[in-house]
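Input: a single structure, listed below in structure tokens.
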Ligand code: IMP
């Protein structure tokens with residue numbers, strides 16, 4: 001039995017799409033367990049380049065079953081657009097299943113995401129405006145509508161009526177906006193239901209049976225650990241947990257069933273949206289990394305903030321996830337740099353600390369303590385074995401492993417599947 005969770009170990013955008021795509025070849029099931037279409041996974045395969053937002057990356061393999069788990073929030077319009085796009089490019093989506101327990105993103109969630117961000121003014125989170133936060137808010141406050149509710153039109157209308165009654169009062173009285181029409185949303189979502197009905201299922205049964213048959217299962221993370229509502233830079237976080245523990249919860253598995261937790265680290269640091277980022281580089285080096293790595297958001301196109309690898313945050317990420325091994329991605333992006341820095345501690349007031357503080361005011365005051373290493377100034381994109389990397393690149397990776405406290409099973413040196421050094425198989 002192998003149940004592997006792939007976890008974004010920093011602020012998201014670590015290059016999970018490529019790693020999941022590679023591992024998906026060996027998996028029978030690929031399961032998304034958190035987030036929604038705020039995620040953007042870029043996959044480059046023989047069919048071309050794909051930017052997936054909701055569909056699990058296993059969709060490209062004919063023998064693999066893709067599952068959108070109960071922990072995901074689903075915008076059915078976006079999902080159907082994505083399925084149509086995939087079909088149009090020759091990808092079969094008939095093996096995609098959506099948990100009946102997953103929550104729906106409704107038009108008012110998207111509206112409120114924008115209105116709430118506006119109301120935050122200078123304290124805006126910089127959300128992706130996809131309605132993610134408001135949809136999870138409704139889930140927790142028990143006013144959400146689930147994918148399975150679409151199967152019972154009467155129940156769906158009843159729940160939508162109750163939700164809209166309340167949402168429209170806020171829209172009109174707090175935000176001075178026009179109310180939303182019950183019939184318009186009902187008809188729109190019934191149209192989606194007609195198309196999605198054959199994909200909706202109790203996916204926990206499917207996964208339990210797969211595990212009983214010893215079939216390999218891949219749990220595909222979205223976002224990253226530092227965007228976790230508990231362990232991330234709260235409130236500058238997303239609204240569902242990207243952690244390994246939630247991989248079980250969001251897929252409907254028991255924690256004892258996980259056999260490998262793979263943490264994905266970029267060989268440097270990036271972040272989109274607001275919130276503290278101690279190693280951010282606002283200079284020419286940051287810009288050089290952004291341009292060379294084409295570090296722009298998959299979903300929003302926003303330039304990503306770039307900086308040196310933060311080993312304090314990385315150790316913390318390992319502590320709250322217990323990675324079995326890690327993947328180091330985008331090593332080739334650093335190829336041209338003459339010297340590299342790794343943050344090994346923070347200066348906070350007059351002290352040096354080696355932990356990631358919980359509070360924003362403390363994190364904002366943290367100044368990185370750097371260790372410097374020589375660069376390699378050679379191309380690494382052709383390396384297929386660790387020994388083929390230039391000496392300084394090998395030492396850089398070894399130092400990251402040492403600082404994180406976990407061995408690197410995979411090293412990625414380019415966008416295509418082949419541009420990967422596999423040191424140890426996770427399946
Ligand atoms: P939300 O998830 O749209 O509510 O956005 C909350 C925060 O998470 C913002 O800072 C977003 O930029 C960030 N975020 C959400 N999804 C991703 C992702 O897939 N990659 C990187 N950052 C993300």
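Read the figures in this text as sums done on the coordinates, not as results from a lab. For clarity, every value in this text was computed on a predicted model and none was experimentally measured. For neighbour counting, all protein chains shown are included, and Cβ atoms are generated from backbone atoms with ideal geometry for every residue, glycine included.
Miscellaneous remarks
- Highest average first, the peptides 61-71, 379-389 ordered by how many other beta carbon atoms sit within 10 Å of their residues are 61-71, 379-389.
- Relative contact order, whole percent, for the chain stands at 20, derived from Cα pairs under 8 Å and 6 or more residues apart.
- In plain terms, the residue of 192, 166, 236 with the fewest other Cβ atoms within 10 Å comes first and the most crowded comes last, giving 166, 192, 236.
- Here the alpha carbons of the range 16-61 define both size measures, Rg and Dmax, at 9.9, 27 Å.
- Segment residue 208..residue 360, full-extension length gain: 50.7 nm, with 0.36 nm per residue of separation and the alpha-carbon distance subtracted.
- When you restrict to C-alpha pairs under 8 Å that are six or more residues apart and normalise by the size of the range 266-422, the relative contact order lands at 25 percent.
- Residue-averaged [θ]222 nm for the chain, counting only DSSP H segments that reach four residues, each worth -39500 (n - 2.57): -9500 deg cm²/dmol
- With Cα atoms, 0 to 90° folded angle of helix 182-196 axis to the chain main axis: 60
- Label point distance in nm, residue 381-residue 173, each placed 7 Å from Cα along Cα→Cβ: 5.9
- FRET E, pair residue 137, residue 284, Förster distance 56 Å, beta-carbon r, rounded to 0.05: 0.85
- Take 249-259, 278-288, 306-316 and order them by the average number of nearby Cβ atoms within 10 Å per residue, most first; the result is 306-316, 249-259, 278-288.
- Distance between the modelled labels on residue 129 and residue 234, one decimal in nanometres: 2.8 nm (7 Å Cα→Cβ projection).
- Across all directions, the average projected area of the convex hull around the alpha carbons of the range 281-330 is 4.5 nm².
- Degrees separating the helix 107-120 axis from the principal Cα axis of the chain, which is the longest one: 50
- Cα gyration tensor of the range 103-196 - equivalent ellipsoid semi-axes, whole Å, descending: 24, 15, 11
- Virtual spin-label span in nm between residue 49 and residue 80, 7 Å along Cα→Cβ: 2.9
- Dividing the C-alpha radius of gyration of the range 266-422 by 2.2 N^0.38 Å, with N its residue count, gives 1.03.
- Taking 83, 106 and counting other C-beta atoms within 10 Å, the order from fewest to most: 83, 106
- For a label point 7 Å along the Cα-to-beta-carbon line of residue 319, residues of the range 365-380 with backbone N under 18 Å: 365-369
- Ratio of the Cα radius of gyration of the chain to 2.2 N^0.38 Å, where N counts its residues: 0.98
- Relative to its residue count, the range 112-153 spans a Cα convex hull of 81 Å³ per residue.
- Share antiparallel - DSSP beta bridges, the chain, percent rounded to 5: 40
- Top of 140, 369, 320 by mean-square fluctuation, Gaussian network on the chain, Cα under 10 Å: 140
- Sequence of 57, 267 once ranked by neighbouring C-beta atoms within 10 Å, starting from the fewest: 267, 57
- Against the main long axis of the alpha-carbon atoms of the chain, helix 203-212 sits at an angle near 50°.
- Pairwise centroid distance, computed over Cα atoms, of the range 19-53 with the range 90-134, Å: 19
- Based on Cα contacts under 8 Å between residues 6+ apart, the range 174-278 shows a relative contact order of 17 percent.
- Kirkwood hydrodynamic radius (C-alpha pairs) into Stokes-Einstein, the range 182-267, 25 °C and 0.890 mPa s, D in µm²/s: 156
- Span from the the range 319-393 Cα centroid across to the the range 73-89 one, whole angstrom: 36
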